[in-house]
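Below: the structure, in structure tokens.
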Amino acid sequence: MSTSDYTCTAPELAALQHLLNGTAGDFLCNKLQAVSDHLAATGRAVDTTYLLFSAFLVFAMQLGFAMLCAGSVRAKNAVNIMLTNVLDAAAGGIFYYLFGFAFAFGRGKHSTGFIGHYFFGLTSLPNANYQYDYAYFLYQWAFAIAAAGITSGSIAERTQFAAYLIYSSILTGFVYPVVSHWVWSPDGWLSASKASGLLFGSGVYDFAGSGVVHMVGGIAGLWGALIEGPRIGRYDHDGKPTAIRGHSATLVVLGTFLLWFGWYGFNSGSFVKILVPYSIGGGGYVDGQWTAIGRTAVTTTLAGCSAALTTLFGRRLLTGHWNVLDVCNGLLGGFAAITGGCSLVEPWAAIVCGFVSAWVLIGFNLLATKLRYDDPLEAAQLHGGCGAWGIIFTALFAKEEYVLQAYGPLPNGKSSRPYGLFMGGGGRLLAAHVIQILVTAGWVTATMAPVFYALYKLNLLRISVEEEMAGMDVTSHGGVAYVYHEGEGQIHATGFMMKASPESR
């Protein structure tokens with residue numbers, strides 16, 4: 001029920017005046033107006049609190065990225081990779097504030113489908129016309145730095161520190177915002193929320209960003225790793241791969257669980273509002289956005305679980321081992337794939353999504369090895385490959401009812417929208433999503449590949465052989481993350497000393 005149902009319209013006021021004198025009618029209507037205003041304010045407070053909580057969950061994923069990255073690299077580069085994760089957030093915050101949000105969501109009289117150009121430095125925010133406020137900015141910033149965090153994993157253990165700052169600023173301040181404008185701004189040329197001229201009559205349904213976030217970060221990392229080349233020792237003189245294992249499975253698992261936790265804010269939080277009723281059923285039960293949010297959390301969970309189990313047995317068949325690191329990456333691949341259609345599919349379809357995403361990741365990893373490509377965190381394969389599969393998956397399995405809940409009816413007033421091909425919705429949505437994959441890959445390639453190549457030509461991209469062999473913690477950061485003295489039974493950590501108990505010696 002809308003809060004406007006508590007206000008008095010002119011006919012209602014006239015009817016009241018037949019029953020009550022004018023003063024009593026005015027008094028009653030004033031009281032109802034006060035109740036209506038209070039309910040409206042309460043609704044806005046609930047929605048803002050929900051969005052802020054979701055933003056905090058997505059931001060907490062940075063801790064997950066940091067732990068996952070640290071555990072996936074060798075101990076001699078742990079400080080370096082954790083510092084880059086901190087700076088992804090810090091530099092991304094400044095550049096997204098100055099430029100990124102305006103490029104992504106800036107709207108006005110002269111808005112274009114390619115890029116926004118209003119609200120630089122958050123001027124004119126909060127904005128009642130477009131319902132943008134500070135909570136919305138914070139939520140979108142958390143998404144932007146997630147894309148930059150993906151890229152840092154691809155080029156870990158061999159990249160100059162200055163290069164991280166340069167590429168991260170460009171990615172969060174310009175490259176990523178343009179793609180998010182295309183898909184998520186009502187003015188974007190791929191957007192499903194446009195007032196008219198929808199691509200193939202549907203636009204793109206990338207609800208939480210399989211393409212906008214994961215493909216962008218993964219493809220940027222792909223070009224960085226390709227231009228840099230593999231780490232020393234990753235392939236021998238004959239081109240045969242040599243495993244370079246990360247130093248801590250414990251940190252990898254910790255990071256994975258933190259990312260899992262944050263992903264609920266990533267996917268379910270993309271509804272932005274929670275206090276939106278859909279319909280009133282029998283028995284007083286109200287079906288609203290809160291139900292769709294719960295279903296989205298379920299589909300997210302099932303896709304990750306399905307992908308983890310499929311990866312476990314798939315890698316067992318290929319290698320003969322039960323590998324926890326492979327399972328963690330498979331789990332995250334399932335999450336990356338379901339992100340685009342998390343709110344639009346049935347729970348059973350999410351299991352299909354995770355199953356296929358596991359094989360997509362395994363296949364791309366095998367291809368990467370054949371091509372002598374080196375990505376310490378499998379970020380390009382995981383986020384780029386599984387993200388692309390997620391876009392296709394949504395076009396196949398999106399359910400009409402859920403599409404209408406997430407995006408509403410078409411602007412022309414029709415009560416239906418294009419939906420998944422396998423659900424009877426035809427091929428228009430699939431065509432739109434193929435276009436999304438192609439233009440996202442093309443845009444990131446056209447922007448980030450020249451950035452990495454320019455850094456390479458200027459000798460700003462890759463560290464020297466001596467630095468790579470010694471480790472970046474010593475050569476660039478003045479110390480190591482931890483040193484173990486076996487004879488003393490002590491671990492000296494940066495800034496700390498942890499002694500073993502006498503009983504354990």
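Ignoring ligands, DNA and RNA, how do F452, F271, F56 rank by accessible area with a 1.4 Å probe, largest first?
Most to least solvent-accessible, the answer reads F56, F271, F452.
Starting from the Kirkwood Rh over alpha-carbon pairs, what translational D in µm² s⁻¹ does the stretch 184-235 have by Stokes-Einstein at 10 °C and 1.306 mPa s?
119 µm²/s
How many nm is it between the label spots at A40 and L460, if each spot is 7 Å from the Cα in line with the beta carbon?
5.1 nm
Restricting to lysines 8 or more places apart or on different chains, can you count the pairs in the chain with Cα atoms under 30 Å from each other?
17
Over the chain, what is the relative contact order in whole percent, taking alpha-carbon pairs under 8 Å and six or more residues apart?
Rounded, it is 19 percent for the chain.
Using only the Cα atoms, what convex hull volume per residue in Å³ does the stretch 243-370 have? Walk me through the intermediate numbers first.
Values: hull volume 15.3 nm³, N = 128.
Given the Cα convex hull of the stretch 243-370, per-residue volume reads 119 Å³.
Quote the convex hull volume per residue of the stretch 340-485, based on C-alpha atoms, as a whole number of Å³. Kindly include the intermediate steps, with their values, before the conclusion.
Details: hull volume 29.9 nm³, N = 146.
Spread over its residues, the Cα hull of the stretch 340-485 gives 205 Å³ apiece.
Please list L455, L325, L226 from largest to smallest accessible area, probe radius 1.4 Å, with all protein chains kept in place.
If we order L455, L325, L226 from most to least accessible, we get L226, L325, L455.
On C-alpha positions alone, give me the angle between the axis of helix 386-397 and the longest principal axis of the chain, in degrees, nearest 10.
That helix lies at roughly 30 degrees to the long axis.
Starting from the residue with the highest accessible area, list H117, H237, H110 in decreasing order, probe 1.4 Å.
Correct descending sequence by accessible area is H237, H110, H117.
Between the helical axis of 10-19 and the dominant principal axis of the chain, each derived from Cα atoms, what acute angle in degrees is found, rounded to the nearest 10?
Around 50 degrees separate the two axes.
For the residue pair D236 and T250, what label-to-label distance in nm results when each label sits 7 Å from Cα along the Cα-to-beta-carbon direction?
3.3 nm
Among 313-322, 372-381, what's the highest-first ranking by average C-beta atoms within 10 angstrom per residue?
Values: 313-322: 12.5, 372-381: 24.3.
Averaged packing, sorted descending, gives the order 372-381, 313-322.
Could you give the Stokes-Einstein D for the stretch 180-321 in µm² per second, using the C-alpha Kirkwood radius, 37 °C, 0.692 mPa s?
Working: Rh = 19.5 Å.
Diffusion coefficient, whole number: 169 µm²/s.
Using helices alone, what [θ] at 222 nm do you get for the chain, with -39,500 (n - 2.57) per DSSP H run of 4 or more residues, divided over all residues and rounded to the nearest 500?
-19000 deg cm²/dmol
Using r as the Cβ-Cβ distance of A243 and L32, and R0 as 56 Å, what FRET efficiency do you calculate, to the nearest 0.05?
Details: r = 71 Å, r/R0 = 1.26.
The value I calculate is 0.20.
Once you wrap a convex hull around the alpha carbon atoms of the stretch 76-177, what is its projected area averaged over all directions, in nm²?
Average projection, Cα convex hull of the stretch 76-177: 6.5 nm².
If one puts a single equal scatterer on every Cα of the chain and applies the Debye formula without solvent, what log₁₀ I(q)/I(0) results at q = 0.06, 0.10 Å⁻¹?
-0.31, -0.79
Ignoring any ligand, DNA or RNA, what whole percent of the accessible area of the chain comes from carbon and sulfur when the probe is 1.4 angstrom?
67 percent
Between R372 and D287, what FRET efficiency follows from the Cβ-Cβ distance if R0 is 56 Å, with the result rounded to 0.05?
Values: r = 53 Å, r/R0 = 0.95.
After rounding to 0.05, the efficiency reads 0.60.
With the crude spin-label approximation of a point 7 Å out along Cα→Cβ, what separation in nm comes out for L122 versus A446?
3.2 nm
The values are calculated or read from the model by the stated rules, or taken from the named source; none is laboratory data. Since the model is a prediction, treat every value here as computed from it, not as a measurement. In this analysis, Cβ positions are derived from the backbone assuming ideal geometry, glycine residues included, and neighbour counts consider all displayed protein chains. Heads up: the accessible areas ignore ligands, DNA and RNA and are worked out on the full protein's heavy atoms, side chains in. Shrake-Rupley method; radii C 1.70, N 1.55, O 1.52, S 1.80 Å.
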